[in-house]
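For reference, the structure is listed below as structure tokens.
Rule-based calculations on the coordinates, nothing more; no lab input. Please read these numbers as outputs of a predicted model, since none were measured by experiment. All Cβ positions, glycine included, derive from the backbone under ideal geometry; neighbour counts span all protein chains shown.
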Amino acid sequence: MRRLFAALAALVLCGLALTACGDSPSSSTSSTSPTSPTSSGSAQETKKIAITITGDTVDPSGQEFDVAVGQPVEFDVTADKPGEIHVHSSPEQEFEYDAGSSTITLKPIQAPGVVTVESHTLEKTILKLKVQ
């Protein structure tokens, strides 16, 4: 009877050890490859979009850009005078830029949909972010 009990105890302990080892990789994988939208965005490559504003002309002008949910986005703005950009995300984001070159870093967008980016100075749509 003692041998049977010892054998069962050994099987249970061995099973627990295997289960613990089985959980370890998934938890380390989880920290290496997070599944939350905020964290997964930090592992993605930054989407850089060049924006040129000269006089009343803006380039791009209403063009759509594909962006993943949570993906970092930067605007490289070249402008002949200072102005303001409004990103209609949730929450909304507003940025001022100077004459010359400026880099604008958006907070990652966490919901799919189309986000309009406008120049308040020119009252024009600069681009749309198609968040998927």
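In segment 62-96, what residues are on the phi < 0 side of the Ramachandran plot, in contact with a helix residue (DSSP H, G or I) (Cβ under 9 Å, 6 or more places away or on another chain) and not polar (S, T, N, Q)?
ALA68, VAL69, PRO72
Of the residues GLY100, GLY83, only one is loosely packed, with under 13 Cβ neighbours inside 10 Å and out of contact with any Leu (no Cβ under 6 Å at 6 or more places or on another chain); which?
On inspection, the qualifying residue turns out to be GLY100.
What about ALA111, is it more than 24 Å from GLN44 (Cβ to Cβ) and either exposed (fewer than 15 other Cβ atoms within 10 Å of the Cβ) or of a type in the set (Ser, Thr, Tyr) (or both)? Give the steps one after another, and end with the answer.
On the way: more than 24 Å from GLN44 (Cβ to Cβ): no; either exposed (fewer than 15 other Cβ atoms within 10 Å of the Cβ) or of a type in the set (Ser, Thr, Tyr) (or both): yes.
Answer is no for this residue.
Any residue in segment 108-120 that is more than 20 Å from the chain's Cα centre (by Cα), touching a residue at least 24 places away in the same chain (Cβ under 8 Å) and farther than 16 Å from ILE49 by Cα?
Yes, segment 108-120 contains a residue that is more than 20 Å from the chain's Cα centre (by Cα), touching a residue at least 24 places away in the same chain (Cβ under 8 Å) and farther than 16 Å from ILE49 by Cα.
Which one is surrounded by the most Cβ atoms within 10 Å (Cβ to Cβ), of the residues in segment 48-65 that are assigned to a strand (DSSP E or B) and touching a residue at least 60 places away in the same chain (Cβ under 8 Å)? Don't jump to the end; show me each part of the working.
Just the residues of segment 48-65 that are assigned to a strand (DSSP E or B), to begin with: 48-54, 57-59, 63-65.
Still in the list and also touching a residue at least 60 places away in the same chain (Cβ under 8 Å): 49, 51, 53, 58, 63-65.
Working: ILE49: 19, ILE51: 20, ILE53: 23, VAL58: 21, GLN63: 11, GLU64: 11, PHE65: 15.
Only one residue fits best here, namely ILE53.
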